Amino acid sequence: MPKGKAKKRYTGEFKQQVVEAMQTEKLSYSEAARQFHVSDHKSVAQWERIYLEEGPEGLYVERRGRANSNDKSLIADAKDYASKNVAGILASSQVIPT
C-alpha cells in the first residue's frame, strides 16, 4: 500500500500556460504556483527552465523515471571515445630520444 499522496501530473498544455502567464504577468514562481494551484513552486521553476532551453515542445515530453538504456549507451560510447583519443594523443606526443 503506497504511503502519502500521489504526485499530481500536469499536462504539457497546462505547463505551457503557466510559464507563459508567468512571463506576461511577471509572476514569481510562488505566485504562479498559487494562482494555478500547483503544489510546489519548484515545479514551476523547472518548467520555465525547460521552456527556455527546449521551447514549448519540451514541456510535452514525459520525464518520469530513469533514463532509458539508449541514453546510458550514448554516454558510455562518448566516454570510450574520449578515453581512446586521450590515449592516442598521449602516445603520439611522447618524445623519442635521438
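We did not get these values from a lab; they are worked out from the coordinates using the rules stated. Computed from a prediction, not measured in an experiment: that's the story for all the values here. Cβ atoms come from the backbone with ideal geometry, glycine included; neighbour counts cover every protein chain shown.
Computed from point charges on the beta carbon alone (+1 for Lys and Arg, -1 for Asp and Glu), the dipole magnitude for region 1-67 about its Cα centre is near 620 Debye. In this rough spin-label picture, where each label sits 7 Å from Cα along the Cβ direction, the Q23-R66 distance is 3.5 nm.
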